[in-house]
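Scroll down for the structure; my scribbles are underneath it.
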Amino acid sequence: LVSETTLIFIRTLCSFLRCSPLDVELLYLAQPEEVAIRTKLCWQRPFKNEVPSTNNPHPMERRIAKGEICYANVGCFSLRDRLTLPSNFPSDPNFLRPQFYLYTRSKRYYPTIFQMRPKGSYRHLVEFSRAKPLFILVHGWLESAYASWAQSIKNALLNEADGNVVVVDWSGLAATTYANAAANTAAVGRTLALVVQRLVEEFPLSTALVHAIGYSFGAHVAGFFGRNLKKNAGTVIARITALDPAGPLFNDTDVCVCPEDAAFVDVIHTSGGYKHQPWQLGLLRPTGHVDFYVNGAKNQPGCYGSTLCDHMRAPVLFLESLVNKACRMVSRPCRGDFAAFLRGNCSPADAGLDRGEMGFYSPRAIGRGIQLVSTGAGPLGYFCIKESKE
């Protein structure tokens, strides 16, 4: 364990370098060669409470007043509704525009890259497979479209289903402090909704074929995406899979991903079991139609007490459900409410019809609500353990 003196030093250093509390945990867990990189990132970041200046001459920024900020092409963000994180305004997405990487079976390794086109058409996306499923992958903090988990899941999805896979790259808005990146999830979700709305209009694409998969902050991007599309177009996407949605700054709000954001919302919790710890990474409370609490949502096998490792286990488990055909990650329901789960008082569950299945095939199982899952230490292909087999 880190000594008290070292911990105080790290916290003081992070405060001086404009880091968030989560940066403390990342610096502590990082290898020596990574510390310098993360320290440099912290130094280059703006302060947590900085907002764009009203004197900014950039034409994209329109107004900051009365708890609201407006940007060209994407509209206004108010701290009083469920389309904005209440703690902070998002940055202008016109500065560091999210990019969208379109993959198909014929272009699995050489994506077509495009951005939001407020006035232009998307007909140039000749690779877009019409009337086929659309899978959307959204990365988390300090990541990009080339995050290993995103690329692995993309390949597995293309093996499993002949459809379109769009990986959202919002790395320009994610490479900032934790607080600012959290706020930027609202802008990325809004941008994604505008893009998909245009795809629905220009192609024979049904929102009933849209499945958004987000990890950490990406889970909340998916929530904002579904919420904005529902508000603007009156349509609901088929599914959101939230892979250990980020907890800090979202825990006590009503803007986190929720069941109303899609026809089916499944959530995998792997690092939310640290409610009273400052380094809790994942959201603890249930927030979907079905919430899978893996090994109690903490202390994942093989992670040896690293909460960051626990957090990163969620996308790996979803990938497992796609590549391991020999074993299904069957869950057992918690006979009781969330308070019973927190107390560890879920009554024993029988092998009834209300069991769930974690991962890609979750909708085919009947189980809903709080579901408990036990997994092994891996590696990939071996997380599903014997008691979860059919």
**Message:** Being on the phi < 0 side of the Ramachandran plot and surrounded by 16 or more Cβ atoms within 10 Å (Cβ to Cβ): is that true of ILE113 here?
**Reply:** no
**Prompt:** Consider ALA263 against the criteria (1) surrounded by fewer than 24 Cβ atoms within 10 Å (Cβ to Cβ); (2) under 18 Å from VAL188 (Cα atoms); (3) among the small types (Gly, Ala, Ser): it satisfies all of them except one. Which criterion is unmet?
**Reply:** (2)
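Could you list all residues from the stretch 315-340 that are farther than 30 Å from ALA147 by Cβ and hydrophobic (A, V, I, L, M, F, W, C)?
The answer is CYS334, PHE338, ALA339, ALA340.
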**Fill in**
For the stretch 128-171, the count of residues that are modelled with pLDDT under 95 and either outside the structural domain of ASN184 (by TED's automatic domain parsing) or under 22 Å from ARG97 (Cα atoms) (or both) equals 1
**Prompt:** Of all the strands (runs of 3 or more DSSP E) wholly in the stretch 86-178, which have at least 3 residues that are free of Cβ contacts under 8 Å to residues at least 24 places away in the same chain and more than 30 Å from GLY67 (Cβ to Cβ)?
**Reply:** 107-114
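Just one of ASP261, ASP244 is under 9 Å from the mean Cα position of the chain (by Cα), modelled with pLDDT of 95 or more and of a type in the set (D, E, K, R); which is it?
ASP244
Okay, residues lined up against (1) of a type in the set (Asp, Glu); (2) assigned to a loop (DSSP other than H, G, I, E, B); (3) modelled with pLDDT of 95 or more:
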{"site": "GLU201", "(1), (2), (3)": "yes, no, no"}
{"site": "ALA212", "(1), (2), (3)": "no, no, yes"}
{"site": "ALA222", "(1), (2), (3)": "no, no, yes"}
{"site": "GLY226", "(1), (2), (3)": "no, no, yes"}
{"site": "LYS231", "(1), (2), (3)": "no, no, yes"}
{"site": "THR253", "(1), (2), (3)": "no, yes, no"}
{"site": "ASP266", "(1), (2), (3)": "yes, no, yes"}
**Message:** So if I check each of PHE292, PHE360, PHE318, which one is assigned to a loop (DSSP other than H, G, I, E, B), at pLDDT 95 or above and buried (at least 21 other Cβ atoms within 10 Å of the Cβ)?
**Reply:** PHE360
**Request:** Considering only the stretch 71-105, state which residues are touching a Ser or Thr at 6+ places or on another chain (Cβ under 7 Å), among the hydroxyl-bearing types (Ser, Thr, Tyr) and not assigned by TED's automatic domain parsing to the domain that holds PHE250.
**Result:** SER78, THR84
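The values are calculated or read from the model by the stated rules, or taken from the named source; none is laboratory data. The structure presented is a predicted model; accordingly, all values stated were derived computationally and were not measured. Cβ: placed from backbone, ideal geometry, glycine included. Neighbour counts: every protein chain shown.
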